[in-house]
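The values are calculated or read from the model by the stated rules, or taken from the named source; none is laboratory data. None of the values given here were measured: they were computed from a predicted structure. Here the Cβ positions follow ideal geometry from the backbone for every residue, glycine too, while neighbour counts run over all protein chains shown.
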Amino acid sequence: MIDKKSPLPIYYQIEEDIKQRISDGEYQPNDMIPSERILSENYAVSRMTVRQAITNLVNEGVLYREKGRGTFIAENKIEQSLKGLTSFTEDMKTRGMTASSKLLDFEKVTASGEISRKLEIEENAEIYRLQRIRYADQKPMAIETNFLPAAMFPNLKKENVRGSLYDYVEKNKRQKIGKASQIIEATIANEDQSSLLEIPLGSAVLHIERHSFLEDGTPFEVVKSSYRADRYKFSSDITRG
Ligand code: GLP
């Protein structure tokens, strides 16, 4: 299994071996991996080498550690294409998962400068601010805070955002959502995010800001989302030339 004569570092070979066992199905998500001592015996290498391999796999999100319990196989990350403008509900449905939400906040507030500019409304005009935890098969995936112009959705109620917001918007405005621009940045979980997303403080979180428009070009939402980086990765096809 481990080739000590190979130019590949031993810790790297261990990493590859663990990944292979995951793709072969020998290790399943949330299975505990053997202790450092057992692994070092099995691979006939030092504990330090095993530790290096494990740390790299934890940093990569392949494994996760739980204090006092051990090291476990992480769930497969959800791969989200950066191509289509889709809703969370649709994204989960295409993966055979069930989307649900917990509404943390639903309020009419006045728009800040940044939000009013993006929504093309007067500064201090009323907006709805709604914050939801988004779940896939009951596991928290993201926290999303949406800002919507109140004048555009005069009858918006809590009940309307328990399911898909995009569904409500398209039915209510009788037109499709057209386009959006978004920015993805790396951040780390603060206390609130760590307790709501059920991840350790300081874990990697992907911050996504989306600015969305209806088909006729009217901006209808600004969204600030925090996605669990251990459950999400983004992909895109790119061409040169
Ligand atoms: C995704 C996007 C959000 C958008 C949401 C709508 O999660 N990141 O910007 O607001 O989908 O989802 P739904 O229609 O399920 O409420």
Report task. Could you tell me whether segment 62-69 includes any residue that is out of contact with any Leu (no Cβ under 7 Å at 6 or more places or on another chain), among the aliphatic types (A, V, I, L, M) and farther than 30 Å from I177 by Cβ? Result -> yes
Report task. Tell me, yes or no, whether segment 19-36 has at least one residue that is of a type in the set (G, A, S), out of contact with any Leu (no Cβ under 7 Å at 6 or more places or on another chain) and within 16 Å of the ligand (Cβ to nearest atom). Result -> no
Report task. Tell me which residues, restricted to segment 221-241, are of a type in the set (A, V, I, L, M) and without any contact (Cβ under 8 Å) to a residue 12 or more places away in the chain. Result -> I238
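Here's the yes/no breakdown for (1) within 13 Å of the ligand (Cβ to nearest atom); (2) of a type outside the set (V, I, T); (3) surrounded by 18 or more Cβ atoms within 10 Å (Cβ to Cβ):
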position: E123; (1), (2), (3): no, yes, no
position: K139; (1), (2), (3): no, yes, no
position: L148; (1), (2), (3): yes, yes, yes
position: M152; (1), (2), (3): no, yes, yes
position: K157; (1), (2), (3): no, yes, no
position: R162; (1), (2), (3): yes, yes, no
Query raised in the report: Being among the β-branched types (V, I, T), under 14 Å from K118 (Cβ atoms) and either away from the ligand (no atom under 16 Å from the Cβ) or not in a strand (DSSP E or B) (or both), is that true of even one residue in segment 214-221?
Result: yes
Query raised in the report: Looking only at segment 164-183, which residues are surrounded by 14 or more Cβ atoms within 10 Å (Cβ to Cβ), in a strand (DSSP E or B) and either among the β-branched types (V, I, T) or touching a helix residue (DSSP H, G or I) at 6+ places or on another chain (Cβ under 9 Å) (or both)?
Result: I177
Report task. Scan segment 193-220 and report the pairs whose first residue is assigned by the TED database to the domain that holds Q182 and whose second residue is more than 13 Å from the ligand (Cβ to nearest atom) and of a type in the set (V, I, T), with Cβ atoms within less than 7 Å and a gap of 6+ or a chain change. Result -> Q193/V205; G202/I188; S203/I188; A204/I188; V205/T187; V205/I188; H207/T187
